[in-house]
Each structure stands twice: as structure tokens, then as C-alpha cells.
Amino acid sequence: MEETFFILKPDCLERGLVGRVLERAEGRGLKITRMEMRQIDRPTLEKHYADLVDKPFFPTICDFMTSGPVLIGTLAGVGAVQAWRDMLGATDPSQAQAGTIRGDFALAALPGQAIKNIAHGSDSLESAQREVAIWFDQ
């Protein structure tokens, strides 16, 4: 059994899509093994997005991710990391296929705004383990 990390972002909560997103994960056979609502702080975001901290768009990401509560958690199942990534679709909503979470629910970003793409998913098993440690093993 593999475990992956997820964040349902402020836009997901604001638009009332939590149930619909989690229903898709459970329908795919993934089990929710941890879940917690949080208001994110910048130091935690800097750890999570360590590879993006020096990018010029990082402050925009921080503003968006701290704009409201998020739901963090873990999903477990066979091939959970790739299954969740496949369900999410492309990071850029304009490139996400219909039938994926982002393709069906994400909104295109206006210039200078963060991409409101509903959810985050770990991109590898190693990332999932690192992210779980950041968020749950503090």
C-alpha cells in the first residue's frame, strides 16, 4: 500500500468542491488515511515549496495559499501517488483534460494571479514522504 499527500487549496474550499474532489479519490479506490483543516503559514509553505522559494512568482503562491483554509491529508492505495496525479490532471488548468479534477473544476489564472487549480498532489513517493513529514510530523 502506497501513501500520497494532498492539499485541497483555498479555491477548492471556497467553491464548496471538497466533497466532490474527495468522492473521486474514494471512487478510485484510494482511502483517506489522514485529514486536517489548516490555515497555512509562510514558513511551512517555504518548506513545502522549497524549490520555488527563489522564483519571482513565489509571493503570489504564498498570497493565494494563505488566503483561506486548506484541507491537507493523505491517500493510500495501490499506486496512490500516480493515481492521484492522474486524477488531478495538468497543473495548468488550460491544459488539464476534461474528466480530471483540474480539467473539470480549476479556473484559468489572470495575469499576476496564482493558478487556482483546486488541489496539490505529491509528484513522487519521495516527495510524498517529505511532504507528510513537513505537514504531519511537525
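What's the number of the only condition in (1) small (Gly, Ala, Ser); (2) under 18 Å from residue 19 (Cα atoms); (3) part of a loop (DSSP other than H, G, I, E, B) that residue 109 fails to meet?
Every condition holds for residue 109 apart from (2).
Name the one entry in 87, 65 that is in contact with a Pro (Cβ under 8 Å, 6 or more places away or on another chain) and not charged (D, E, K, R).
Matching residue, one of 87, 65: 65.
Restricting attention to the range 70-89, report how many residues are part of a loop (DSSP other than H, G, I, E, B) and either at pLDDT below 95 or under 19 Å from residue 20 (Cβ atoms) (or both).
Within the range 70-89, residues that are part of a loop (DSSP other than H, G, I, E, B) and either at pLDDT below 95 or under 19 Å from residue 20 (Cβ atoms) (or both) number 1.
If we keep just the residues of the range 76-100 that are polar (S, T, N, Q) and in contact with a Gly (Cβ under 9 Å, 6 or more places away or on another chain), which is nearest to residue 27 (Cα to Cα)?
Here the residue is 100.
Considering only the range 54-63, state which residues are surrounded by 13 or more Cβ atoms within 10 Å (Cβ to Cβ) and assigned to a loop (DSSP other than H, G, I, E, B).
Within the range 54-63, none qualify.
Filter the range 10-28 down to the residues that are within 21 Å of residue 108 (Cα to Cα) and in contact with a Gly (Cβ under 9 Å, 6 or more places away or on another chain), then identify the one that is surrounded by the fewest Cβ atoms within 10 Å (Cβ to Cβ).
The selected residue is 14.
Could you say which residue among 111, 43, 93, 59 is in contact (Cβ under 8 Å) with a residue 24 or more places away in the chain and of a type outside the set (Ser, Thr, Tyr)?
93
Could you list, in sequence order, all residues of the range 29-46 that are more than 17 Å from residue 1 (Cβ to Cβ), surrounded by 15 or more Cβ atoms within 10 Å (Cβ to Cβ) and more than 14 Å from the chain's Cα centre (by Cα)?
Once the filter is applied, which keeps residues that are more than 17 Å from residue 1 (Cβ to Cβ), surrounded by 15 or more Cβ atoms within 10 Å (Cβ to Cβ) and more than 14 Å from the chain's Cα centre (by Cα), the range 29-46 yields only 44.
Has the range 90-111 got at least one residue that is on the phi > 0 side of the Ramachandran plot and open to solvent by less than 30 Å² (accessible area, probe 1.4 Å)?
No, the conditions are met nowhere in the range 90-111.
The values are calculated or read from the model by the stated rules, or taken from the named source; none is laboratory data. This one's a predicted model, so the numbers in the text were calculated from it and none came from an experiment. Cβ coordinates were reconstructed from backbone atoms using ideal geometry, including for glycine residues, and neighbour counts include every protein chain displayed. Ligands, DNA and RNA are stripped out before the accessible areas are found, and what is left, the full protein with its side chains, is counted by its heavy atoms. Shrake-Rupley method; radii C 1.70, N 1.55, O 1.52, S 1.80 Å.
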